[in-house]
Amino acid sequence: MNESIVITRNDEGIELEVQFINSKKKAVDITGCTVEVAFKNPLSEMDHKQPYIKDYKTGTVGIILDKSSTNVGGLWTTYWSAISEDGFVTAQESIYYFVLPRYGGVDND
């Protein structure tokens, strides 16, 4: 199920949550894994952040967006990876969100 996520430019405190699932749509246990998320903004600039684990067994992780993750208008892409102790990618997901200018385009901040 795809959802549209729309955020106002320079907003912060919004949670993005991912659940890693396999090809059979079953939760992936990420116990023993580290998780990384890479943000790609509309200018193709990349930023890597460390999300937090909500539940290892259900493969659920999240991150709270700060202003650096909403400072450019347009379509953002996030790439989430669970990496096993031996360095292999166990699971991957992506989330897309759209950042709109404040006040319908009257955006001076």
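Averaged per residue, what accessible area in Å² does region 17-109 show with a 1.4 Å probe, protein chains only?
That works out to 60 Å² for each residue.
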List the GluC sites (Glu not before Pro) within region 8-109 that fall in a DSSP loop (any state other than H, G, I, E or B) and whose Cβ has at most 16 other Cβ atoms within 10 Å. GLU12, GLU45, GLU85
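Can you pull the percent of the chain's accessible area that's carbon plus sulfur, 1.4 Å probe, other chains left in place?
After summing per-atom areas, the C and S share lands at 50 percent.
Under a Cβ-only charge scheme (Lys and Arg +1, Asp and Glu -1), can you give me the dipole magnitude of the chain about the Cα centre, in debye to the nearest 20? Numbers along the way, then the final one.
On the way: 10 positive and 16 negative charges, 68 e Å.
With Lys and Arg at +1 and Asp and Glu at -1, about 320 debye.
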State the antiparallel share, in %, of DSSP beta bridges confined to the chain, rounding to the nearest 5. 90
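The values are calculated or read from the model by the stated rules, or taken from the named source; none is laboratory data. Quick caveat, the model's predicted, so the values are computed rather than measured. Neighbour counts run over all protein chains shown; Cβ positions are idealised from the backbone, glycine included. Heads up: the accessible areas ignore ligands, DNA and RNA and are worked out on the full protein's heavy atoms, side chains in. Shrake-Rupley method; radii C 1.70, N 1.55, O 1.52, S 1.80 Å.
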